[in-house]
1. Quick one: what are the phi-derived ³J(HN,Hα) couplings along the range 270-281, Karplus 6.51/-1.76/1.60 with θ = phi - 60°, whole Hz, x for glycine and proline?
2. Using the Cα centre of the range 5-75 as origin and beta-carbon charges of +1 (Lys, Arg) and -1 (Asp, Glu), tell me which of ILE14, MET27, GLY62 is placed farthest towards the positive end of the dipole.
3. For a bin width of 5 Å, list the pair-distance distribution of the range 255-339 built from all Cα-Cα distances, rounded to whole %.
4. State which entries of LYS257/LYS304; LYS54/LYS222; LYS34/LYS304; LYS74/LYS298; LYS74/LYS304 exceed 30 angstrom in Cα-Cα distance in the structure shown.
5. What is the packing order of peptides 303-312, 141-150, 68-77, taking the mean over residues of other C-beta atoms within 10 Å and listing the highest first?
6. What's the exposure ranking of HIS297, HIS279, going from fewest to most Cβ atoms within 10 Å?
7. Return the distance in nm (one decimal) between the two label points of a simple spin-label model at GLU69 and ASP275, each offset 7 Å from Cα along Cα→Cβ.
Amino acid sequence: MVVSSHSSLLISTILTTLRGAEDGRSMPIKELRKVVLLQLEDTDVDVDKKSFKKAVQSLEKGKKLNLSEEGVCKLKKSEMMTTMGKNKKDKKRKLEEGNDLASNNKIVKKVFDENDDKGDADEQDDTTAANATTPLDKNVPCKGNPTGVTRLFIGNLPFAVDDASLRSFLEPAGEATHIKWITDKETGRFYGSAFIEMADSRGAAAALSECNGTEMMGRPIKLNFAPAREGDIWPPKSNVVTGGQAQSKGVKSMSEKPEDCCKLFLGNLSYEIDDDATHKFFSTVDAEVKAIRWIHHKDSGDFKGVGFVEFWNTEACEKAATLNGKNLLGRPIRIDWTD
């Protein structure tokens with residue numbers, strides 16, 4: 001049986017996600033699919049219900065996991081043993097590296113002690129030791145985090161969230177070193193979720209136990225371990241928190257303007273948007289609005305975060321287009337021409 005690269009990536013992501021679960025093994029299937037879907041958001045892999053079901057069935061058939069009647073996916077012990085064995089080897093390797101570093105630090109300290117300026121030498125030695133040991137401790141398995149995961153998925157975020165407020169929310173548990181906001185590729189609309197990198201495995205475990213289910217700006221936050229897939233560049237090379245929601249992607253250029261165009265597409269809109277706020281926004285460039293149409297999901301009726309605005313003439317439409325990327329109710333909106 002030939003497995004496509006897409007199927008292989010989907011299967012690999014399912015296994016990786018289960019290994020990053022709180023117990024290092026199991027997760028409700030609906031929750032599993034959601035986390036897998038978001039991890040594959042930036043790829044061309046289609047994670048619809050049918051393909052996800054086939055992947056789970058394939059893993060069941062291959063005796064890598066079980067799906068219980070309660071809808072919980074659970075890794076087989078053989079898969080757990082593989083993971084645990086790897087962790088033990090990693091832990092042993094880190095311990096050996098730590099012993100080597102400890103030995104090196106003794107040599108360094110001796111050199112510094114022989115220096116006349118002993119105070120400066122001791123300070124430099126302490127800094128060297130701290131910098132040397134921190135990377136070794138980052139992914140050490142700990143209570144509540146048996147696989148030493150430092151990457152988390154965080155969902156149900158308020159749409160007013162930003163880098164500063166999310167870092168502040170997580171601060172009691174530990175430091176968030178990187179944030180990747182999850183947005184729609186086409187519209188730039190924020191999905192209310194993100195991937196975060198904690199400074200170490202203990203901070204990730206603390207975030208899950210202390211912050212999962214607690215409210216942020218009136219919304220109960222959802223947290224899960226979400227280990228990066230093999231081959232992913234994570235965390236980003238910069239140690240500075242990325243983003244500011246869709247702003248991190250920059251202002252998307254507009255398409256070619258149709259002749260005598262009087263209508264614009266609006267994307268990445270706040271869920272608090274209304275007609276009055278829109279009229280006021282475009283009035284800042286003296287563009288009078290003729291009509292507004294908001295787009296909703298057919299099945300649920302939920303607002304999609306996009307809409308269309310019509311103006312009385314093409315001159316007003318051109319003025320309105322100059323606001324592309326400007327903030328409307330705290331969100332950088334995307335504007336484009338439309339017929």
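FYI, it's all coordinate maths here, none of it is from the lab. What you see is a predicted model, and the numbers here were worked out from it, not measured in a lab. Methodologically, a virtual Cβ is constructed for each residue, glycine included, from the backbone with ideal geometry; neighbour enumeration extends over all protein chains shown.
1. Ordered by residue, 3J(HN,Hα) equals 5, 6, 9, 5, 8, 4, 4, 5, 5, 4, 5, 4 Hz.
2. GLY62
3. Bin by bin from 0 Å, the calculated values are 3, 16, 28, 27, 16, 8, 3, 0.
4. Working: LYS257/LYS304 24 Å; LYS54/LYS222 27 Å; LYS34/LYS304 19 Å; LYS74/LYS298 35 Å; LYS74/LYS304 35 Å.
Pairs exceeding the cut-off: LYS74/LYS298; LYS74/LYS304.
5. On the way: 303-312: 18.4, 141-150: 20.7, 68-77: 13.9.
Ranking, from highest mean packing down: 141-150, 303-312, 68-77.
6. Values: HIS297 9, HIS279 14.
So the ranking, lowest neighbour count to highest, is HIS297, HIS279.
7. Label at GLU69, label at ASP275, 5.5 nm between them.
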